[in-house]
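Below: the structure, in structure tokens.
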Amino acid sequence: MATYRAPRGTRDLLPEERALFERLMGIGSELATRYGYRPFETPLFEQAAVFERGIGETTDVVEKELFRIAPRTEEAESWALRPEWTAGIVRAYVQHGMQTWPQPVKLAISGPIFRYDRPQAGRYRQFWQFDVEAIGDPGPAIDAEIVELGLRFYREAGVEGVEVLLNSIGDPACRPAYVETLTDYYRRHAAALPPVERNRLERNVLRLLDSKDPAMAELNEAAPRISDHLCGACNAHLESVQAHLTALDVPFRVEPAVVRGLDYYTRTAFEYYVAGREGQQQALGGGGRYDGLVQLLGGRPTPGIGFALGLDRVALVLAEQGSISAAEDGPVAVVVGADPDDTVIRLRIATQLRATGLRVRADLGRRKLGRQLQAAGKDGAHFAVILGDELNAGQVQVRDLLAGTQRVVALDDLARELARADASHRHG
Ligand code: HAM
């Protein structure tokens, strides 16, 4: 057993899994560009206050899951690793005066996120999110654009059966009265509440609605619904989002239990799930509108909306659905040789081929030629470039490892020949 291990709740992405993440992030950034969302990056850590204020002091994410960085001196600022992208992006929007840019400002980013969550399958302390934000557009059309973009990500990634659950959680005009009604309701049933939920009741009652505790199912089913308490403007917004989604042929279901875990949300809230997935009902992704967040973090009142998709959960579902394709690119060629002392020439030829853009490995070991060829095959290489006596005449043997054929090629033609043969093989 190894002495040192990756910290609990984190894991190493070995090359095959890393290649899958690379592919998922590539799909994300390509889609973002296609939809007009620009690449962007905020730091891995921020002043803790950005998250405390932005996400809300009484949310699980801030109260229990924030990775705080121990200050190095007494007067040092209090920092925390980012537990999501949104608050940091909005902090940057305010800091860089992005309200003077053409609105909305549409940004996209993928990268690691940190939450001190209780580790289990699909729940990690370091995980990856693909995130998009559109700041400066009150919607509702852009709400539909964003929901559709998320769904397209799953389609292009090859995840089957993703469902969109949609809700409105009201705004400052109608939510306070609803929260009061809901609090009254649960107070009347306080005796039936599990301790965790009773504790939440006075501080963040909306969260009770999406409790996964089976003891809450019946109570939640009969709870007052936000849809019966929305003001006219929120109702009209929700209806219009639905009309836009229908026009885009995006299937969705209105689900009153989608209340989201972060405090900044107003109106539109949505989550993506794989339909009928057994076991823990974990969202693949989620997002919503946050019309008060820019102001909360010191900017002018500015509406915004976005989502974050959990890439680790996408990877899990792809594995469950058996649709992970080998995403790694093997070398086009491996340079091998019979003479164990010819590493200078092996390396030089490999370097020349790489300079032309080809993926090439040089076998620099002292093992026998046969073993080198075997290893090249295992690597998934298409060709072996075999160095032998022909070198004196400026030539090498090129073996097509897939076809089992071999021929002599002049060194001067080698790069061109390999590139041409590999391209024609790959395009059938
Ligand atoms: P969230 O619902 O907290 O939203 O997280 C989004 C997604 O990140 C989840 O649906 C899940 O797939 C993934 N995720 C969350 N926690 C974990 C974990 N511990 N392990 C693995 N995956 C996890 C947000 O983060 C918002 N910032 C989304 C947003 C953007 N809203 C507006 N703009």
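What residue, of Leu373, Leu387, Leu391, Leu358, is surrounded by 12 or more Cβ atoms within 10 Å (Cβ to Cβ) and touching a residue at least 60 places away in the same chain (Cβ under 8 Å)?
On the way: Leu373 fails: touching a residue at least 60 places away in the same chain (Cβ under 8 Å); Leu387 fails: touching a residue at least 60 places away in the same chain (Cβ under 8 Å); Leu391 fails: touching a residue at least 60 places away in the same chain (Cβ under 8 Å).
Going through Leu373, Leu387, Leu391, Leu358 in turn, the sole match is Leu358.
Restrict the check to the stretch 103-121 and report whether at least one residue is acidic (Asp, Glu) and closer than 22 Å to Val61 by Cβ.
In the first step, residues of the stretch 103-121 are kept if they are acidic (Asp, Glu); the result is 117.
The next check asks that each one be closer than 22 Å to Val61 by Cβ; those that pass are 117.
Taking every residue of the stretch 103-121 in turn, at least one turns out to be acidic (Asp, Glu) and closer than 22 Å to Val61 by Cβ.
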- Message: So if I check each of Ala141, Ala134, which one is within 11 Å of the ligand (Cβ to nearest atom) and small (Gly, Ala, Ser)?
- Response: Ala134
- Item | Count of residues meeting criterion [more than 14 Å from Val334 (Cα to Cα) and out of contact with any strand residue (DSSP E or B) (no Cβ under 7 Å at 6 or more places or on another chain)] in the stretch 379-411 | 7
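Would it be correct to say that Arg313 is open to solvent by 40 Å² or more (accessible area, probe 1.4 Å), near the ligand (Cβ under 7 Å from one of its atoms) and either in contact (Cβ under 8 Å) with a residue 60 or more places away in the chain or in contact with a Leu (Cβ under 9 Å, 6 or more places away or on another chain) (or both)?
Working: open to solvent by 40 Å² or more (accessible area, probe 1.4 Å): yes; near the ligand (Cβ under 7 Å from one of its atoms): yes; either in contact (Cβ under 8 Å) with a residue 60 or more places away in the chain or in contact with a Leu (Cβ under 9 Å, 6 or more places away or on another chain) (or both): yes.
Criteria met by Arg313.
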- Just give me the residues in the stretch 1-53 being free of Cβ contacts under 8 Å to residues at least 12 places away in the same chain and small (Gly, Ala, Ser), in sequence order. Ala2, Ala6, Gly26
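Among the residues of the stretch 62-86, which ones are of a type in the set (Gly, Ala, Ser) and more than 26 Å from Gly285 (Cβ to Cβ)?
Quick first cut of the stretch 62-86, residues of a type in the set (Gly, Ala, Ser) only: 70, 76, 78, 80.
Within the stretch 62-86, Ala70, Ala76, Ser78 qualify.
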- Message: If the requirement is being open to solvent by 80 Å² or more (accessible area, probe 1.4 Å), at negative phi, at pLDDT 95 or above and out of contact with any Lys or Arg (no Cβ under 8 Å at 6 or more places or on another chain), which of these qualifies: Arg348, Arg366, Arg426?
- Response: Arg348
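If you go through the stretch 185-202 one residue at a time, do you hit one that is touching a Phe, Trp or Tyr at 6+ places or on another chain (Cβ under 6 Å) and buried (at least 17 other Cβ atoms within 10 Å of the Cβ)?
Filtering the stretch 185-202 for residues touching a Phe, Trp or Tyr at 6+ places or on another chain (Cβ under 6 Å) gives 201.
Going one step further and asking which of them are buried (at least 17 other Cβ atoms within 10 Å of the Cβ), we end up with 201.
Among the residues of the stretch 185-202, at least one is touching a Phe, Trp or Tyr at 6+ places or on another chain (Cβ under 6 Å) and buried (at least 17 other Cβ atoms within 10 Å of the Cβ), which makes the answer yes.
Which one is most open to solvent (accessible area, probe 1.4 Å) among residues in the stretch 25-44 that are in contact with a strand residue (DSSP E or B) (Cβ under 7 Å, 6 or more places away or on another chain) and of a type outside the set (Gly, Ala, Ser)? If you could, list the steps in order and put the result at the bottom.
Just the residues of the stretch 25-44 that are in contact with a strand residue (DSSP E or B) (Cβ under 7 Å, 6 or more places away or on another chain), to begin with: 25, 28-29, 32, 36-41, 44.
From the residues that got through so far, the ones that are of a type outside the set (Gly, Ala, Ser) too are 25, 37-41, 44.
Working: Met25: 37, Tyr37: 4, Arg38: 146, Pro39: 114, Phe40: 45, Glu41: 123, Leu44: 76 Å².
If we take residues in the stretch 25-44 being in contact with a strand residue (DSSP E or B) (Cβ under 7 Å, 6 or more places away or on another chain) and of a type outside the set (Gly, Ala, Ser), then Arg38 is most open to solvent (accessible area, probe 1.4 Å).
The values are calculated or read from the model by the stated rules, or taken from the named source; none is laboratory data. Source: prediction; values computed, not measured. With ideal geometry, Cβ positions are generated from the backbone for all residues, glycine too; neighbour counts draw on all protein chains shown. SASA here: full protein model, heavy atoms, side chains in, ligands and nucleic acids out. Shrake-Rupley method; radii C 1.70, N 1.55, O 1.52, S 1.80 Å.
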